[in-house]
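Here is the structure we will look at.
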Amino acid sequence: MALLLGDSEINNLLTMDDVVNTMENAFNEIGKGLTWNRPRSRIRLPRGFHHLMAASLSEPNVFGLKTYTSFRKGIRFMTLLYDGEQGDLLCIVQGGRCSQMRTGAVSAVGTKYMSNEDSKTVGIIGTGFQGRAQLEGVCTVRNITSIKAYDRDNEACENFCREMSKVLNIEITPVKEPEECISDSDIVITMTTAREPILFGSWLKEGMHINAAGSNHWIRREVDDEVIKKANSVVVDSKEDAYVEAGDLLYPIERGIIRWDQIHELADLVSGKVVSRKSSSDITLFESQGIAISDIATAALAYERAKAEGLGQEIPLEL
């Protein structure tokens, strides 16, 4: 019997702290060469897109894929988890919460290994669905005391600040301009679908850490060339994925502003091969595209918890 899990089960089974720990373990496995990851492929359809990602992990011994569609009505996610021993389907995870949590947790791991440990202030540009988990993740790994938020939709930004202030028990202040959001922030988050930069190097100050998590397509750019020039360290979750869809990096690389051999992978940091921050004054940049390994690892954790707690709907399958 396979299990079917939805957003309500995921919220009951997982905390952000759980998923951050799982992501750290998964990236440590990547660093040891114990995983396989297939970069995202996209199929353009007349009225939307179909996206497909696949990966395997050795601990736990599982593999699977995430498939999702993006149409005008919204985005629909489904992750299929398989047993690595027998190839049996173990679990189907429906809904966006699992993807949302893993995205925030990956940024949290980047923050843990790249930001100054005494970071206390955050500025976030983009207050949509994914922005919530970005803040949840960062606040899991750093003792954050104040947050500023900006979105071009003022009403959405104000609602976000009210809701997340209650969730995190931290005051979140809406601001009218993106530069005001960045001013005096130790950690900067961008989580948008912008096609032109919304974060500029002239705004940055020494010691800042940046999580740029929205540029997961070659046509998207959240940071300008000056951000790349000022960054003392640039890290991605996967170079293989970044080669295809890191719009923030593809254009600066084409112009010779940075080279691929100057960019590290998050797994290099987690496994101890590389130290990203060498000084408290360094500016560090984490570019996250979102990779399949993080989806499969999160689904595996949810499945194990669901089995232990008797949650989820059993699906009879013919062998």
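Just so you know, all these numbers are worked out from the coordinates, no wet-lab data involved. All values reported here derive from a predicted model rather than from experimental measurement. Neighbour counts run over all protein chains shown; Cβ positions are idealised from the backbone, glycine included.
Between amide H atoms placed 1.01 Å from N, distances below 5 Å from residue 91 occur with 3, 81, all of them 5 or more places distant or on a separate chain.
Under 5 Å from the amide H of residue 221 lie the amide H atoms of 195, 196, each residue being 5 or more positions distant or on a separate chain, with H modelled from the backbone and absent for Pro and chain starts. Among the aspartates and glutamates, select those whose C-alpha is under 14 Å from the C-alpha of residue 273, and discard any that sit fewer than 8 residues away in the same chain. The qualifying aspartates and glutamates are 29, 265. Normalising by residue count, the range 188-319 has a Cα convex hull of 169 Å³ per residue. When +1 charges are put on Lys and Arg Cβ atoms and -1 charges on Asp and Glu Cβ atoms, the dipole computed for the chain relative to its Cα centre reaches about 680 debye. Panel order for 260, 36, by other beta carbons found within 10 Å of each beta carbon, from fewest to most: 260, 36. How big, in percent, is the set of alpha carbon pairs in the chain lying more than 36 Å apart? When every Cα pair of the chain is considered, 14 percent fall beyond 36 Å. For the residue pairs 112/176; 176/205; 239/307, alpha carbon separations beyond 32 Å are given by 239/307. Coupling constants for the range 33-46 follow from the phi torsions by the Karplus curve (6.51 cos²θ - 1.76 cosθ + 1.60, θ = phi - 60°), and in residue order they are x, 9, 10, 9, 9, 9, x, 4, 10, 10, 10, 7, 10, x Hz; glycine and proline get x. Here residue 120 is the anchor, and the aspartates and glutamates within straight C-alpha reach of less than 13 Å, apart from those fewer than 8 places off in the same chain, are 171, 184, 186. When DSSP beta bridges are limited to those with both residues in the chain, what percentage is antiparallel, rounded to the nearest 5? Of the beta bridges lying entirely in the chain, close to 55 percent run antiparallel. Taking the fewest neighbouring Cβ atoms within 10 Å as the starting point, the ordered list for 35, 145 is 145, 35. Here 19, 138 are placed in order of increasing Cβ neighbour count within 10 Å, fewest first, which gives 138, 19. 3J(HN,Hα) couplings calculated from phi for the range 68-82 with the Karplus curve 6.51 cos²θ - 1.76 cosθ + 1.60 (θ = phi - 60°) are, in sequence order, 8, 10, 10, 10, 4, 6, x, 10, 10, 10, 8, 10, 10, 10, 10 Hz; Gly and Pro show x. Straight-line cross-link reach from residue 66 at under 19 Å between alpha-carbon atoms covers these aspartates and glutamates, not counting any fewer than eight positions away in the same chain: 7, 9, 83, 88, 237, 240, 241, 245, 295, 304.
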